[in-house]
Structure formats: structure tokens, C-alpha cells
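To start, the structure under review is shown below, and the notes come after it.
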Amino acid sequence: MSTPTSVYAEMTPNPEVMKFVADRPLIEGNAQAEFYSKSECAGHSSLAEELFNFPFVTGVFISGGFVSITKDDSLGWEMIAMQMREYIQQWLTEHPVAVEKVPPPKTAPAPSSETAASAGEPLVTLDDSDIVPTEHDEAISALLEEFVRPAVESDGGAIDFRAFINGTVHVRLRGACAGCPSSTATLKDGIERLLTSKLDVVKSVVAST
């Protein structure tokens, strides 16, 4: 049974990522799905699995009513955006479910040296064993959810609170935000300024694995 669906393409601050917005939800609630290879998609998202058949696709992020696609530098979006929009629209019209099973969160592959340089500060490596819950976690998460998440999602990305350690808030950037050249400005001028102004215990914000 077909489900007529309209899709439009939207640029993001990350030049390698395009956001494709549908007129219906693609995943349940606040869930998100992120993939960096076709093999990761099996059993989770048929849409993402099909998108990796395009040789230039290196990442797929699905949240709410949009899918963000990360490409390599072999082609410019001006050459492929229309093709991708039409393909996604047709696929969604023919398939009612884009994500069959939400995968567990994962860490993005390490960016290339060129990408890391353009994005500014390198990622801080944070193991799960480093994370210890604190009394401030709930307040930090609430601020990120209310003030940051909507803006980040509008750019085709996502932000996850990882930990609060010695005055530093560790967050994970996903989707269009991962490796974005403007991510450092977003962290320091936006998120860090917000959290330090609201919570005296917060001194800095960094992007972590």
C-alpha cells in the first residue's frame, strides 16, 4: 500500500550534509537512527540500507521527519540533491516504515585530518567507564533538550549529553553536526554560553566520542 509523501531538500551548515524533510514522521517519537555503512543498516532501516547503494553516501541520520545524508567529496550537492530528493520521496511513498528497529547510539568515525582542521577543536575521547552520574546531569539535559535540540535538529543534526566531569559538559554531535566546520562556534558561542549562564557549575563544553 502506497503512502503519498512529499520531500524537500534543505542545506545544512555542514557542506557535506544535505537534509531531506518529509511531510510525515520517519521514526517513532524522539528516537534517532545513525548509520555509517550499509552493513550497519541490516535489520534496522531499509531506507538507509538503500541509500548506501549510492557510492557517494558515507552516512545516514534519521530523526523525526527528516533524513540527513553525508556524502564524500567526489560530487557536489548541486549535481545530486535533486536525484536524492526524488529517490527518497519515491521510496517513502512505496514504503510506510523507514526505520524498522532503532539501533543503539554509536560514535561517528574519526574525521579526516582536513575535516578535523576545518571543524576546529578535536573530539575528546570519552569511554563509558569515564562517565559517573552527577547531581547536575538532569539540569544540563533539560537545558539541552529545551534550548539546543530544536535548533540542532533544524540543521539536520542531533546532540546527546554524555557526561559532566570536573566542570566540563561532554556532548556527542551527530548527523549534520558531526564534523561540521561551524561546530566549534556552535559549542563555544552557543551551547557553552547558554549552559554557563544558567548553571554556575558549568565551566566549558566539549564534543566527545
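Each reported figure results from applying straightforward, stated rules to the coordinates on display, with no laboratory input. Nothing here was measured: the structure is a model prediction, and the numbers come from that model. As a convention, Cβ positions derive from the backbone with ideal geometry for all residues, glycine included, and neighbour counts pool all protein chains shown.
Key figures
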{"item": "Convex hull of Cα atoms in the chain, direction-averaged projection (nm²)", "result": "11.6"}
{"item": "Helix 77-94 vs. the chain, principal-axis angle (Cα, 0 to 90°, nearest 10)", "result": "70"}
{"item": "Calculated FRET efficiency for the pair Gln83/Val124, C-beta based, R₀ 35 Å, to 0.05", "result": "0.40"}
{"item": "Pairwise label distance in nanometres, Glu146 with Ser197, each label 7 Å out on the Cα-Cβ vector", "result": "1.4"}
{"item": "Under-17-angstrom lysine pairs by C-alpha in the chain, whenever the two are 8 or more apart or on separate chains", "result": "6"}
{"item": "Value of relative contact order over the chain, rounded to a whole percent, pairs C-alpha under 8 Å and six or more apart", "result": "23"}
